[in-house]
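Have a look at the structure below before the remarks.
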Amino acid sequence: MIKCVDAHHHFWTYSSAEYGWIDDTMHMLRRDFLPHDLLIEIEAAGVQETIVVQARQTLEETRWLLNLASDYSFVAGVIGWAPIGSPGFPAELESLDLEPKLKGLRHVLQDEPNGAYMLSDTFLRGIALLKGKGLVYDILIRERQLPYATRLVDLYPDQIFVLDHLAKPRICTGEISPWRERLRELALRPNVYCKLSGLVTEADWNKWAIGDLRPYVEVALDCFGPQRLLAGSDWPVCIAASSYQMWWHCLRELLSDLSPFEFGSVFGGNAIQVYGLNGDKQ
C-alpha cells in the first residue's frame, strides 16, 4: 500500500521578530511547532511521511530543517530556501547538494512587491541551476501572480515545478474567476504539479464548510487530474481554521470519488515520485 504523505507543512521556534506575519488573528500560532508535536498529529490522521517547507528566508532555517529531517525519519524531505537571485547562489547550491533530504527550494514570491520579480534575470539564472541538482521548485504565489508563473514555467520546460496552495484562490468571497482560467492555463504545462493545501485558511476561518472548498478542488482536479495533485496540510498554519485531523478528513471526503489508484496517487504516490522520496532526487 502507498504511504500517505503530507506534502506540505512547517516547523518553527517562534519569535515575534522572525514571524511578524503571525498577527493577533493567528494568536494560536504564536508558539513553537516541532517534530514531536506533528508526530502526534500524523499518527492520529493516518499519515506516514511528510515534507517540511521553509517558513523563513534564511539559510540558517534551511540547515535547521535538514538537521531535523535527519533526526526524525518520518520527515522524508525538505523544501528549503536559498538566495536564488544572488550571485552567491551557485556556491550555496553546491553546499546544499550534499544533503540527501533536500528535495527542492522555495522563495516567498507572494510577498514580492513586483509581480515580475520571478522573471528577473538574476532569479532566472538561479532557477536554471536547479534541474542539474535534481531539485524541484515550489511556487508560492497568489492568484494574481499566476500569469507570471506561467511565463516562468515556459522558460524551463524540463524543470519540475509544484504550485503551493492552488495559488491561494479567494475562497472566502466565493470568487472563481479569473483564478480558474489562470490556473487552467498554467496546468497546460505538464511539468507543473499542484498541492491541495492551505485551502481552509483562504476560507472563512470561523464558519467554512466542506461545500465552500469543493468548487476549488473540482477545478484543480479538472486542470491537473489526480496524477498531478499532492495532498498537504499546511500545518501548523491550518490550525487557525481547522484541526490537523479535520483537514485530512475533509480532503479525503472531497476526493472520495477517485479510484483507489488515483486516491493513492494524490495522497502519497505523486509526492513520492515528484520529490524522489524513495531515493535519488529528480
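Counting helices only, and only those DSSP H runs with n ≥ 4, report the 222 nm mean residue ellipticity of the chain as the sum of -39,500 (n - 2.57) divided by its residues, in deg cm²/dmol to the nearest 500.
On the way: 10 runs with 94 residues, N = 282.
The per-residue figure over the chain is -9500 deg cm²/dmol.
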(request) Enter the per residue convex hull volume of the range 25-163, computed from alpha-carbon coordinates, in Å³ rounded to the nearest integer. (result) 137 Å³
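Let me know the whole percent of all Cα-Cα pairs from the range 69-147 that are separated by more than 16 Å. Don't jump to the answer; show the numbers that get you there.
Working: 1613 of 3081 pairs.
Tail fraction, whole percent: 52.
Kirkwood hydrodynamic radius, computed over distinct alpha-carbon pairs, for the range 219-282: how many Å, to one decimal?
Numbers: mean 1/r = 0.0784 Å⁻¹.
Computed over Cα pairs of the range 219-282, the Kirkwood hydrodynamic radius comes out at 12.8 Å.
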(request) Tabulate in residue order the Karplus-calculated ³J(HN,Hα) for the range 14-28, using 6.51 cos²θ - 1.76 cosθ + 1.60 with θ = phi - 60°, rounded to whole Hz; enter x for Gly and Pro. (result) 6, 8, 5, 5, 8, 10, x, 6, 7, 8, 4, 5, 10, 4, 5
(request) Starting from the amide H of residue 139, placed 1.01 Å from N in the peptide plane, find each other amide H under 5 Å away whose residue is 5 or more places distant or on another chain. (result) 162, 163, 164
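Order of 80-89, 194-203, 45-54 by packing, highest average Cβ count within 10 Å first? Don't skip to the end; give the middle numbers.
Numbers: 80-89: 17.8, 194-203: 24.0, 45-54: 22.2.
Averaged packing, sorted descending, gives the order 194-203, 45-54, 80-89.
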(message) Ordering 36, 107 by accessible area with a probe of 1.4 Å, largest first, what comes out?
(response) 36, 107
(message) How large a share of the accessible area of the chain, in percent, is made up of carbon and sulfur atoms when the probe is 1.4 Å and the other protein chains stay in place?
(response) 52 percent
(request) Tabulate in residue order the Karplus-calculated ³J(HN,Hα) for the range 53-58, using 6.51 cos²θ - 1.76 cosθ + 1.60 with θ = phi - 60°, rounded to whole Hz; enter x for Gly and Pro. (result) 10, 4, 10, 10, 9, 9
(message) Rolling a 1.4 Å sphere over the protein heavy atoms, what is the accessible area per residue of the range 1-119, to the nearest Å²?
(response) 44 Å²
(request) Can you grab the distance from the C-alpha centre of the range 178-199 to the C-alpha centre of the range 219-253, Å, no decimals? (result) 14 Å
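Treat the range 45-99 as a sphere of radius equal to its Kirkwood radius over Cα pairs and apply Stokes-Einstein at 10 °C in a medium of 1.306 mPa s; give the translational diffusion coefficient in µm²/s, rounded to a whole number.
Estimated via Stokes-Einstein, D reaches 132 µm²/s.
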(request) Within 10 Å, count the other beta carbons around each residue, average over each peptide in 175-187, 243-255, and list them highest first. (result) 243-255, 175-187
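How big is the Rg/Rh ratio for the chain, C-alpha atoms only, Rh by Kirkwood, two decimals? Don't skip to the end; give the middle numbers.
Working: Rg = 17.4 Å, Rh = 18.8 Å.
Answer for the chain: 0.93.
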(request) Show the residues, 5+ positions off or on another chain, whose built amide H is closer than 5 Å to the amide H of residue 104. (result) 78, 80, 136
(request) First select every other residue whose beta carbon is under 9 angstrom from the beta carbon of residue 274; then total the charges, Lys and Arg +1, Asp and Glu -1. (result) +2
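Based on the alpha-carbon gyration tensor of the range 98-211 and its eigenvalue square roots a ≥ b ≥ c, which shape applies: rounded if a/c is under 1.5, prolate if not and a/b is larger than b/c, or oblate? Could you put the intermediate results ahead of the total?
Details: a/c = 2.03, a/b = 1.66, b/c = 1.22.
Note, shape of the range 98-211 comes out prolate.
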(message) Using each residue's phi in the range 114-124, evaluate 6.51 cos²θ - 1.76 cosθ + 1.60 at θ = phi - 60° and report the 3J(HN,Hα) Karplus result to the nearest Hz, with x for Gly and Pro.
(response) 9, x, 8, 3, 5, 9, 5, 4, 5, 5, 5
(request) Kindly identify the range 82-121 as rounded, prolate or oblate by the Cα gyration tensor criterion: order the square roots of the eigenvalues as a ≥ b ≥ c, call it rounded if a/c is under 1.5, otherwise compare a/b with b/c, prolate if a/b is larger, else oblate. (result) oblate
(message) Report D for the range 162-282 in µm² per second (integer): Stokes-Einstein, Kirkwood Rh on Cα pairs, 20 °C, 1.002 mPa s.
(response) 147 µm²/s
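The values are calculated or read from the model by the stated rules, or taken from the named source; none is laboratory data. All of these numbers come straight from a predicted model, not from anything done at the bench. Glycine gets a Cβ as well: all are built from the backbone with ideal geometry, and neighbour counts include every protein chain shown. Just so you know, the surface numbers come from the protein's heavy atoms only, side chains and all, with ligands and any DNA or RNA stripped out. Shrake-Rupley method; radii C 1.70, N 1.55, O 1.52, S 1.80 Å.
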